[in-house]
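> For reference, the structure I am asking about is given below.
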Amino acid sequence: MKVKHIASAVLVAAFAVACGGPKTAPVEEMTLKDAVGDKFLIGTALNVNQVAGRDTNATNIVKTQFSAIVPENCMKMEEVQPEEGKFTFEDADAFVKFGEENGLTMTGHCLIWHSQCPEWFCVDKNGKNVTPEVLKQRMKTHITTVVQHFKGKLKGWDVVNEAIIEDGSYRKSKFYEILGEEFIPLAFQYAHEADSTIELYYNDYGMDNPGRRDGVVKLIRSLKEKGLRIDAVGMQGHMGMDYPKIEDFEKSMLAFANEGVKVMITEWDMSALPTASRTANISDTVAFKKALNPYPDALPDSVSQAWNARMKQFFDLFEKHADIVDRVTAWGVTDGDSWKNGFPIRGRKDYPLLFDRDYQPKAWVKEVIEEAKNAETPSAE
Ligand code: 9MR
């Protein structure tokens, strides 16, 4: 069942009407989470500055506009177990404290991922791959310790991140090299054994791709056939102005839901810059650099309008499928926080998030709030 978010502004309005107050509800204060209501959780990733309280403008946005949070980095493998047996939960604990103090639903990200995995994890002292038995033991210890540490605090975990590639086959990571396909069911099994109440998710990017879509569908089926728990698929929403196609993204949402899991739009951002390959050479020429970083001062109106329209189209898609979507999470609070400023080319200025560098909501966010206000405001007759 979905968590019912109480729309504070709507409550104020109802109170005013019940007390014989003005008929026009004081809905100016309506925020994004109020506007989304109980359709799905609306979340954001938090970075360590925000977790440490060093960016109060951003944390004020989080407290008022969002109903859910996920740690951008501080629960990843290399952060919580940098050396074997040495667990460090300081930042992650601060994240949880912030979430608890502000009544936010929290997701853990992530238990097993080939990236941001500490170097020691899959190799022995000589740098050789460990045996399957050793890797299983290390996975079990990591997952058990981390899941149990946060028991009762989080709603769910991204158990495995980014393990299927575009042709639907398995990424040839160290985990796959050593354990084969078995590493995924094992990770889900260990997580469930550590906390049988916690929701378990598989999370990946480029989910509009038909090959990856089929691969993930197969994965869900195989986990279910083994009797393992999987509650949702996280569809990372790293987008650009020319990808993904809405229809392809929608097809994947429906394909996953059809397998009996919920869908979460995780890591949502949309680059407003020209799509560049990560192999592009920034040192090429001044003209080349300018072409790839075309808006170092501000986004021109025409680009901003196109960007806002495309974000709104995707948001409308998520609302259209609110029956299968459990959460929509932006990958950062403001444009200045986004990893997209450094990827795939360092030093670009991008504009991919829901709030700008001045902590103001983007036009499409205001539009969503306006639409909700109009739907809630009693008519003035
Ligand atoms: O946003 C994260 C960035 O700060 C880190 O440097 C990066 C390291 O790989 O990870 C970023 O988040 C990633 C997420 O954990 C998994 N999906 C892709 C995200 C963007 O790279």
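The numbers here are math on the coordinates, done by the rules we state, and not lab data. Note that the structure is a prediction, hence the values are computed from the model and not measured. Cβ coordinates were reconstructed from backbone atoms using ideal geometry, including for glycine residues, and neighbour counts include every protein chain displayed.
> Would you mind checking Lys33/Lys136; Lys262/Lys289; Lys172/Lys290; Lys33/Lys172; Lys86/Lys153 for any pair whose Cα atoms are more than 30 angstrom apart?
Beyond 30 Å between Cα atoms: Lys33/Lys136; Lys262/Lys289; Lys172/Lys290; Lys33/Lys172.
> Here's another thing I want to ask about it. Determine, at each q value in 0.31 (inverse angstroms), the log₁₀ of I(q)/I(0) that the Debye formula gives when each Cα of segment 307-361 is one equal point scatterer.
Taking Cα atoms of segment 307-361 as identical point scatterers yields -1.16.
> Within a Cβ distance under 10 Å of Ala194, other residues only, what is the Lys/Arg minus Asp/Glu net charge?
0
> Further question: Amide H to amide H, which residues 5 or more places from Val123 or on other chains are under 5 Å from it, using H placed in the peptide plane?
Val130
> Counting pairs of Cα atoms in the chain, how many percent are more than 27 Å apart?
The answer is 52 percent, as a whole percent.
> Could you identify which residue out of Ala330, Ala163, Ala276 has the top mean-square fluctuation in a GNM of the chain using Cα springs shorter than 10 Å?
Ala276
> As an exercise, take the mean of 1/r over every pair of distinct alpha carbons in segment 175-237, invert it, and state the Kirkwood radius in angstroms.
12.4 Å
> Take every Cα-Cα distance within segment 71-121, group them into 10 Å bins from 0 onward, and report for each bin the whole-number percent of pairs it holds.
Histogramming segment 71-121 at 10 Å steps yields 26, 50, 20, 3 percent.
> Leaving out same-chain residues fewer than 8 places away, which aspartates and glutamates sit with a Cα under 12 Å from that of Lys224?
Glu259
> Divide, for segment 246-376, the radius of gyration over alpha carbons by 2.2 N^0.38 Å, where N is the residue count.
Details: Rg = 16.7 Å, N = 131, 2.2 N^0.38 = 14.0 Å.
Dividing the Cα radius of gyration by 2.2 N^0.38 Å gives 1.19.
> Can you tell me the length gained on complete extension of the stretch Lys97 to Ser277, counting 0.36 nm per residue apart and subtracting the Cα distance?
Stretched fully, the Lys97-Ser277 segment lengthens by 60.9 nm.
> Between Lys128 and Arg221, what FRET efficiency comes out of the Förster formula 1/(1 + (r/R0)^6) with R0 = 30 Å and r the beta carbon distance, rounded to 0.05?
0.30
> Within the chain, what percent of beta bridges assigned by DSSP are antiparallel, to the nearest 5?
Numbers: 4 of 40 bridges.
The antiparallel proportion sits near 10 percent.
> I would also like to ask the following. So which aspartates and glutamates can Lys320 reach, going by Cα to Cα under 14 Å and dropping same-chain residues fewer than 8 places off?
Candidates past the 8-residue exclusion: Asp38, Glu247, Glu250.
> Which of Thr44, Ser115, Pro274 sits closest to the plus end of the dipole of the chain, meaning its Cα is farthest towards the positive end, when Lys and Arg get +1 and Asp and Glu get -1 on the C-beta?
Toward the positive end, the furthest listed residue is Ser115.
> Further question: For segment 115-229, what does the alpha-carbon gyration tensor say about shape, rounded, prolate or oblate, given a ≥ b ≥ c as the root eigenvalues, a/c under 1.5 as rounded, and a/b over b/c as prolate? Walk me through the numbers before you get to the answer.
Details: a/c = 1.75, a/b = 1.07, b/c = 1.64.
Judged from the Cα gyration tensor, segment 115-229 comes out oblate (a/c at least 1.5, b/c at or above a/b).
> Residues with beta-carbon under 13 Å from that of Asn49, excluding Asn49: net charge, scoring Lys, Arg +1 and Asp, Glu -1?
Within the 13 Å Cβ shell, the charges total -3.
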